[in-house]
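Values quoted throughout were computed directly from the atomic coordinates according to the rules given, and no laboratory measurement underlies them. Computed from a predicted structure; not experimentally measured. Using ideal geometry, Cβ is built from the backbone for each residue, glycine included, and neighbour counts are taken over all protein chains shown.
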Amino acid sequence: MEQCVIEKWTDKGHGRAFHEGRVIDIKGAFLAETVQVEVKKGKRGVKKGILQSIKIPSLERIPPKCSHSQICGGCNLHGLSYSSQVALKQKNVEKLFFTHKVEPILEAQDPFYYRNKMEFSFSQDKEKRKYLGLVEEDSRGKVFSQNSCALCPEWMISTLKAVFDHWCTTELDAYYLHTNTGSLRTLTCRAGVNTGERMVILGLSGNPLYALSYEELKGFQQAITDANKCCEDISIFVVLTHVEKGTPTYTSEIHLSGKDHYKEILCEKTFLVSPQSFFQPNPKQAQLLYETAFSLLKPNSADRVLDLYCGVGSIGICLKDRVDRVLGIELNRYAVCDAKRNIAINLMENIEVIVGDVKDVLVQHKDAPFDSIILDPPRAGLDEQVIQTLHQMQAKKILYISCNPKSLAKDLQLIENCGYKVECLQPVDQFPQTLHLEMIALFTLKNL
């Protein structure tokens, strides 16, 4: 046991101490705290410290709302006051974009219980003890049995507990990727925050040797239903993941009960979301994100807009009333089906969504006269070919919405090299209790 003082933050949101010539990173320890830690033995370099007690706490430390905060990899800033979280994120993002002005972070309305989707993992150890929950920090995939969470609504934890209790009455094994054995992979809970609708998805192995019987499926369905008696029409699905050597991994769905979607309301528009489609994980902040982005874009009624990586069409549909035409491109076929339904139920005209890889489909439209291009790429950012095509298209404005500021920082310079200048960098805190931020970047063509 060693006592040390936290002198700085790490990139992961851990506290870092410098003690007797060693660098020690400690999850759950905050800046300026004096703590007692157990230092793990390991190779040269940064050591991992396990927080044992806090001798002198930070003035910004608040009581935790989750019993797993010291081990869970879900929220490293949990226990730090929200104002201090925002200050830390602001400092980090200003350091990342040090050559540009960064606007103050738009803070979250609700820093707790905001997520509309949680994916929990089934796991077993060598002694066949069962676990269902999130993954421990820096554990190489070790799952802990979860009984609380400060990020999601309580019903998701109640459902997790019910499914775990039922699993413990069966002989079924958790899935093990390296040998493609076992049955149970994941439990995913999704919710319409503004509608109260719920969806639960049981992720199973697609290996037929480990398929569940009809009675086994019904057992899990009943456990989920019993845990959600207050919800009149909960949607329950099975998603099978098929893994075979030499064959691309693919999924298939079984619809057990309820509707084939859940409904969400965003910017006064209705969205139907199916089990495997992406939707903004914090809808309340997503509305603020979109309204801020549109305010920066300043669209007019004659604009033609290209919406890349459009998902279920949420950005284009929310924007459509302010512009003339929207064309969306999305790789996920499930999301495109949802987008087309969402266009129909919102009675939209002059909006279309095409399925395909953005880098391939975009080339086919490089000569089309788009006034603005909206980018909402995955965490990795933009493909080099996409940037090359954007350079050829020379749209007047590019609106980039990023879930990973580090990827945006990389792409920002490349977009500037295409003849654009940065008009605004606006961070939005979609993910309190974590270091993650959503970023809006507006680019305009220099030669206009």
Over region 2-61, one equal point on each Cα, no solvent: what is log10 I(q)/I(0) by the Debye formula at q = 0.12 Å⁻¹?
-> -0.22
In nm, spacing of pseudo-spin labels at ARG333 and ASN350 (7 Å Cα→C-beta vector) = 3.2 nm
Of all trypsin sites (Lys or Arg not before Pro) in region 14-97, the ones in DSSP coil with at most 12 other Cβ atoms within 10 Å are LYS40, LYS41, LYS43, ARG44
Can you check how the C-alpha radius of gyration of region 38-94 compares to 2.2 N^0.38 Å, as a plain ratio?
-> 1.35
Full extension between GLU268 and LEU209 adds, at 0.36 nm per residue less the Cα distance, a length in nm of 16.6 nm
Across SER372, SER213, SER58, the residue with the highest GNM fluctuation in the chain (Cα network, 10 Å cutoff) is SER213
Which longest run of the chain has no exposed loop site in it, a site being GluC sites (Glu not before Pro) in a DSSP loop with at most 15 other beta carbons within 10 Å, and the site itself not part of the run?
-> 21-126
Two pseudo-spin positions, 7 Å from Cα along C-beta at ASP233 and at GLU384, lie apart in nanometres by 5.0 nm
Roughly how many Å is it from the Cα centre of region 298-355 to that of region 27-54, as a whole number?
-> 48 Å
ARG341, ARG129, ARG185, ARG333 arranged by Cβ crowding within 10 Å, fewest neighbours leading | ARG129, ARG333, ARG341, ARG185
Between GLN109 and LYS259, what is the label-to-label distance in nm when each label sits 7 Å out along the Cα-to-Cβ direction?
-> 2.1 nm
Extension gain from SER145 to GLU244, taking 0.36 nm per residue of separation minus the Cα-Cα distance = 32.7 nm
Where does each of LEU399, LEU212 land when they are ranked from fewest to most other beta-carbon atoms within 10 angstrom?
-> LEU212, LEU399
Could you pull the Rg and Dmax for region 6-150, using just the Cα atoms, both in Å?
-> 16.9, 55
Considering only the chain, what is the antiparallel percent among its DSSP beta bridges, to the nearest 5?
-> 70 percent
So how much slack lies between GLN3 and PHE18, counting 0.36 nm per residue of separation and subtracting their Cα-Cα distance, in nm?
-> 4.3 nm
What is the P(r) of region 157-267, as percent of Cα-Cα pairs per 10 Å bin from 0?
-> 13, 44, 30, 11, 1
Compactness of region 376-448 - radius of gyration and Dmax, Cα, Å = 12.4, 42
Of the cross-linked pairs LYS130/LYS218; LYS101/LYS446; LYS142/LYS359; LYS12/LYS320; LYS101/LYS263, which ones have a Cα-Cα span greater than 27 Å in the structure shown?
-> LYS142/LYS359; LYS12/LYS320; LYS101/LYS263
